[in-house]
Amino acid sequence: MMAIRSMALLVIFAGLSACGGDDTIIVTCDEQQRYQLVKPGKRVKVPEGLDSLSEYAEMPIPQSQDAPERPPGAPCIELPPRVSTGS
């Protein structure tokens with residue numbers, strides 16, 4: 001019975017400690033995120049004698065257009081800039 005009470009107290013204190021802290025989180029977009037550092041990989045080369053890959057199986061990432069310059073320290077944008085498909 002004592003072990004159950006001790007375990008219950010441990011769970012309660014662990015839950016309460018997760019709620020603590022008055023740290024203010026400052027969100028700016030000046031630092032590049034991990035997804036912004038991604039480099040395109042090598043394209044798959046199909047050996048002779050095999051069917052070629054479907055061009056629709058690859059999703060190209062369009063370039064942004066009309067993206068306004070953000071001043072340093074500005075908060076993140078809420079909507080992404082418009083993109084063109086290159087055609």
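The values are calculated or read from the model by the stated rules, or taken from the named source; none is laboratory data. All figures in this text were calculated on a predicted structure; none of them were measured in a lab. All Cβ positions, glycine included, derive from the backbone under ideal geometry; neighbour counts span all protein chains shown.
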Some residue of the range 9-22 being surrounded by 10 or more Cβ atoms within 10 Å (Cβ to Cβ), at pLDDT below 75, under 26 Å from the mean Cα position of the chain (by Cα) and not in a loop (DSSP other than H, G, I, E, B): no
Qualifying residues in the range 47-72 (those that are of a type outside the set (D, E, K, R) and surrounded by 10 or more Cβ atoms within 10 Å (Cβ to Cβ)) - the one farthest from ARG82 (Cα to Cα): LEU53
Top-ranked residue of the range 23-51 - restricted to ones that are at pLDDT 70 or above and of a type in the set (A, V, I, L, M, F, W, C), ranked as nearest to ILE61 (Cα to Cα): VAL38
Residue tally, condition at pLDDT 75 or above and among the acidic types (Asp, Glu), over the range 67-87: 1
